[in-house]
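Written out below as structure tokens is the structure these notes cover.
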Amino acid sequence: MSEAAWRLVLAGGAGAAALLAAAAARWRHRASLRSASATLDLSGVAGRLILFTSAPCRSCDAARARLEAAGVAFREIRHADESRVHEAAGVAAVPLIVARSAGGVEAGRIAGKPSKRALRGLLRAAGLL
């Protein structure tokens, strides 16, 4: 095979790899959206602001850092320590931040690494700002 033909084959392989990577990213994003909209059972879980995490998880670390930087009190529920709580609540993906109003009603949630703007909106909706 000529050098030009090999370059064409390699370029096609790189393109296919890029398409597969994009499809995988889209699938993960859709999975996080499903977990963000699924009904959670938080009965028996104390706290107005709850962070569900697992380890190792860079996005979980970023979510924890964002909450700490915001200066709000939150409860972190690590899968390694409290897997039964994750399963009973129906948490499908982490990180997941759930905020509740003073009355205990869910005010909103953020699945994945939160932006500053999204976190501010969630805290406002829960009456925590």
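Some observations on this one:
- Some residue of segment 80-88 being buried (at least 17 other Cβ atoms within 10 Å of the Cβ), outside any helix (DSSP H, G or I) and small (Gly, Ala, Ser): no
- Count - residues of segment 59-79 that are assigned to a loop (DSSP other than H, G, I, E, B) and either under 13 Å from the mean Cα position of the chain (by Cα) or not aromatic (Phe, Trp, Tyr) (or both): 4
- Residues of segment 86-118 satisfying the condition of being of a type in the set (D, E, K, R) and either in contact with a helix residue (DSSP H, G or I) (Cβ under 9 Å, 6 or more places away or on another chain) or closer than 19 Å to Gly71 by Cβ (or both): Arg100, Arg109, Lys113, Lys116, Arg117
- Within the set Val85, Val91, Val98, Val72, the sole residue that is among the hydrophobic types (A, V, I, L, M, F, W, C), at pLDDT 90 or above and under 13 Å from Leu40 (Cα atoms) turns out to be Val98.
- Within segment 94-111, if we keep just the residues that are in contact with a Leu (Cβ under 8 Å, 6 or more places away or on another chain) and β-branched (Val, Ile, Thr), the residue that is farthest from Cys60 (Cα to Cα) turns out to be Val98.
- When segment 108-127 is filtered for residues that are surrounded by 20 or more Cβ atoms within 10 Å (Cβ to Cβ) and more than 16 Å from the chain's Cα centre (by Cα), the ones remaining, listed by number, are Leu123, Ala126.
- Close pairs (6 angstrom Cβ cut-off, 6 or more residues apart or separate chains): of a type in the set (Val, Ile, Thr) in segment 103-125, surrounded by fewer than 20 Cβ atoms within 10 Å (Cβ to Cβ) and in a strand (DSSP E or B) anywhere: none
The values are calculated or read from the model by the stated rules, or taken from the named source; none is laboratory data. Since we're looking at a predicted model, the values are computed, not measured. For neighbour counting, all protein chains shown are included, and Cβ atoms are generated from backbone atoms with ideal geometry for every residue, glycine included.
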